[in-house]
């Protein structure tokens, strides 16, 4: 929790200071009321007392109550503002940090856990601050102040109050010891529940197609029951706290009055009235002390879970980035050059290399294609260019500068990336095509041109509002091929130096694929293209084709050259096209 205080600014500290002042003012007024009550008690019991004096003291008590209410409302308002703004800052910080995480860190935390940490965990911290700024400040101030007022009243009554406090503290300590470890389990189970829900929603079509609804329900039920069981265990333990607190509260009152009766019975007649007044005041102050611990008990119920949540938030915020940003942000003399120099890569903590000793160079305007069997390392290799991962060995150069030296924004402005799985965002067609920050302004004409090249004009213009039509989150209201074409159009609209197509034509029919590539070639003749593909037809006209097998380069050359020199390429080609089609290609 202490680490998160770095998000507090001067305004927050000022508001917290005002909160403390209001709390102290409220406590002073609360503790002033028993004094007036004592005066009223004495006046009532004293012969010749005037009603006017009783009403005046009663009026003071009423003013104290109203003042305390005002301070309480003001404190609650400020605490709500401070906690909500604080949680806003934390959510923003987590979101920005997650945006900078590399693929390694995202896999380490898991997407479902990152969502939980941004939502549920932040809410737990917000609740603690909202209540804590009031109760956590008020409770100890009230307890200490009330104790100082009753210390010299009676050792018997003081002893009774002290025993009650020890009992309460002991119960709270035991409960915290029992439930804190289970709060960590709760947050992990919440992550798991979030992950299962997300997985089920993403794969809803497959679930229905295989009649697996019951299977998914059972998976969810198992985790949900486990979470419920842990939650119930904690709540049952905390449920002990409230009745015990009130039992102690009422027991203290009874014990004070019981012992007070004996003290008054044995006192002189002249002292009985003073002792009775002191007993009433002491009882009121003792209640304030016990109520302070009741308030602390509420905080202690929230604090353990908030502490667990704060630690989980700090794990994300303090995570060390494996992909460190470079400093180079200048214009380069060369444009569109991509070079791999003896590049090898293996995933963290893995023993085997995914790709090994890959070298090639793509000059401006050239098309370099990568092909190979599933798991040969094609996508991994291409992902080293935008630095989704960094090469374990060797160098990846763009325009003769190592990609590790570039500022992220500068590097990305050179690239037009189309991922293996087309990702679209909730918004209009125009919004999706002009998405992100580019080195050039993306105008309406550029958007329309990009959509036309990507062979998407035919379906976009038929949509309800054409280019202003809304695309649902993840593009769920359009087909896979349409999503892929819009993703390609988005990359074209950036007018980059280098295009990266990671198996980006797989959802297109052969005719659309051929037409798109033909139009793309005309438009990007001065632009370098890196293409990962499964289809021979997609890459056979590439300037250079690199054949991968188990992460190693087993062939390099043009389509015709590889048919003669690379058996792996020849087998892939023959599995897709006939011998005659290959000879006439």
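Applying the condition of being assigned to a helix (DSSP H, G or I) and more than 19 Å from the chain's Cα centre (by Cα) to the range 301-326 and asking which residue is farthest from residue 234 (Cα to Cα) yields 303. Among the residues making up the range 432-448, those that are in contact (Cβ under 8 Å) with a residue 24 or more places away in the chain and not in a loop (DSSP other than H, G, I, E, B) are 432, 433, 446, 447.
Matching residues to (1) farther than 25 Å from residue 526 by Cα; (2) touching a residue at least 40 places away in the same chain (Cβ under 8 Å):
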site: 327; (1), (2): yes, yes
site: 336; (1), (2): no, yes
site: 340; (1), (2): no, yes
site: 355; (1), (2): yes, yes
site: 361; (1), (2): no, no
site: 365; (1), (2): no, yes
site: 370; (1), (2): no, yes
site: 420; (1), (2): no, yes
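Only one entry of 241, 227, 247 meets the criterion of being more than 30 Å from the chain's Cα centre (by Cα) and either buried (at least 16 other Cβ atoms within 10 Å of the Cβ) or modelled with pLDDT under 80 (or both), and that entry is 241. Examine the range 196-219 for a residue that is within 28 Å of residue 117 (Cα to Cα), modelled with pLDDT of 85 or more and exposed (fewer than 12 other Cβ atoms within 10 Å of the Cβ), and state whether such a residue exists. Yes: one or more hits.
To keep it simple, each residue is scored yes or no on (1) modelled with pLDDT of 80 or more; (2) assigned by TED's automatic domain parsing to the domain that holds residue 198; (3) touching a strand residue (DSSP E or B) at 6+ places or on another chain (Cβ under 7 Å); (4) over 29 Å from residue 18 (Cα atoms).
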site	(1), (2), (3), (4)
97	yes, yes, no, yes
104	no, yes, no, yes
108	no, yes, no, yes
113	yes, yes, no, yes
131	yes, yes, no, no
144	no, yes, no, no
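Residues that are under 20 Å from residue 535 (Cβ atoms), surrounded by fewer than 19 Cβ atoms within 10 Å (Cβ to Cβ) and within 32 Å of the chain's Cα centre (by Cα): does the range 420-435 have at least one? Within the range 420-435 (the criterion being under 20 Å from residue 535 (Cβ atoms), surrounded by fewer than 19 Cβ atoms within 10 Å (Cβ to Cβ) and within 32 Å of the chain's Cα centre (by Cα)), the answer is yes, since at least one residue qualifies.
Counting only strands (runs of 3 or more DSSP E) wholly contained in the range 520-561, the ones carrying 3 or more residues that are in contact (Cβ under 8 Å) with a residue 12 or more places away in the chain, more than 43 Å from the chain's Cα centre (by Cα) and in the same structural domain as residue 362 (by TED's automatic domain parsing) occupy 552-557. The conditions of being assigned by TED's automatic domain parsing to the domain that holds residue 503 and modelled with pLDDT of 85 or more are met by residue 369.
I'm trying to understand the selection: among the residues of the range 462-477, which are outside any loop (DSSP other than H, G, I, E, B) and either touching a helix residue (DSSP H, G or I) at 6+ places or on another chain (Cβ under 6 Å) or at pLDDT below 85 (or both)? Scanning the range 462-477 gives 467, 471, 473, 474, 475.
Screening the candidates 487, 472, 491 for the property of being out of contact with any strand residue (DSSP E or B) (no Cβ under 9 Å at 6 or more places or on another chain) and either over 20 Å from residue 383 (Cα atoms) or not assigned by TED's automatic domain parsing to the domain that holds residue 377 (or both) yields one hit, 472. Checking each residue in the range 224-254 for being in contact (Cβ under 8 Å) with a residue 60 or more places away in the chain and either more than 18 Å from residue 170 (Cβ to Cβ) or not in a helix (DSSP H, G or I) (or both) picks out only 240.
Residues in the range 372-388 that are at pLDDT below 90 and outside any loop (DSSP other than H, G, I, E, B): 372, 378, 379, 380.
The values are calculated or read from the model by the stated rules, or taken from the named source; none is laboratory data. Not measured: the values here are computed from a predicted model. We place every Cβ from the backbone using ideal geometry, glycine too, and count neighbours over all the protein chains shown.
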